[in-house]
2 protein chains.
Amino acid sequence: MDIKQDIGKRVRMLRKQRDYSQEYFSQLCDLDRTYIASIEQGKRNVSIVNLEKIAKAFDLTLSELLKDI
Amino acid sequence: MDIKQDIGKRVRMLRKQRDYSQEYFSQLCDLDRTYIASIEQGKRNVSIVNLEKIAKAFDLTLSELLKDI
């Protein structure tokens, strides 16, 4: 798997762990739902600014978000 | 400071710690020297694919690269 797929798998796992829908999670991140969906499918080369939004929405540091990747 | 500046400061500190020139480090990363320079100046919204290249060049995981950010 490449890094985009690893990130996608990690985001999906963290989101499901918290029982967030993609819609709810996209609002928390202030990102578009379809963008979140494509990240989870491993199709996005996510930027650090958006990674920070995602980490904050999970109440994690960037380092915690990328743990084990 | 915003996340781009935080990343820039971190990359510069790690590079200097290893006494790498920007030229040498850019070759390790397989990224352009001017791109590395602009990252260190906090001007780049670096993507995860390039962050992975940088982490590998420092022989760090992504999580280690982004520690304390």
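Observations on the model:
- Only alpha carbons enter this Debye calculation for the protein assembly as shown, each as an equal point scatterer, and the log10 of I(q)/I(0) it gives at q = 0.09 Å⁻¹ is -0.26.
- Efficiency of FRET between A:K9 and B:D68 - r from beta-carbon atoms, R0 25 angstrom, step 0.05: 0.50
- Spatial offset of the stretch B:30-52 relative to chain A amounts to 21 Å, using the alpha carbon center of each.
- Globularity index of chain A, i.e. its alpha-carbon radius of gyration over 2.2 N^0.38 Å: 0.96
- Helical content of chain B, expressed as a calculated mean residue ellipticity at 222 nm, amounts to -18500 deg cm²/dmol (DSSP H runs of 4 or more residues, -39,500 (n - 2.57) each, divided by residue number, nearest 500).
- FRET efficiency for the pair B:R33 and A:K43, taken as 1/(1 + (r/R0)^6) with r the Cβ-Cβ distance and R0 = 22 Å, rounds to 0.15.
- Computed lengthening from A:S21 to A:D2, 0.36 nm per intervening residue step minus Cα-Cα distance: 4.3 nm
- Near B:L14: Cβ cut-off under 13 Å, other residues only, Lys/Arg at +1 and Asp/Glu at -1. The net charge is +2.
We did not get these values from a lab; they are worked out from the coordinates using the rules stated. All figures in this text were calculated on a predicted structure; none of them were measured in a lab. Note that we place each Cβ from the backbone using ideal geometry, even for glycine, and neighbour counts take in every protein chain shown.
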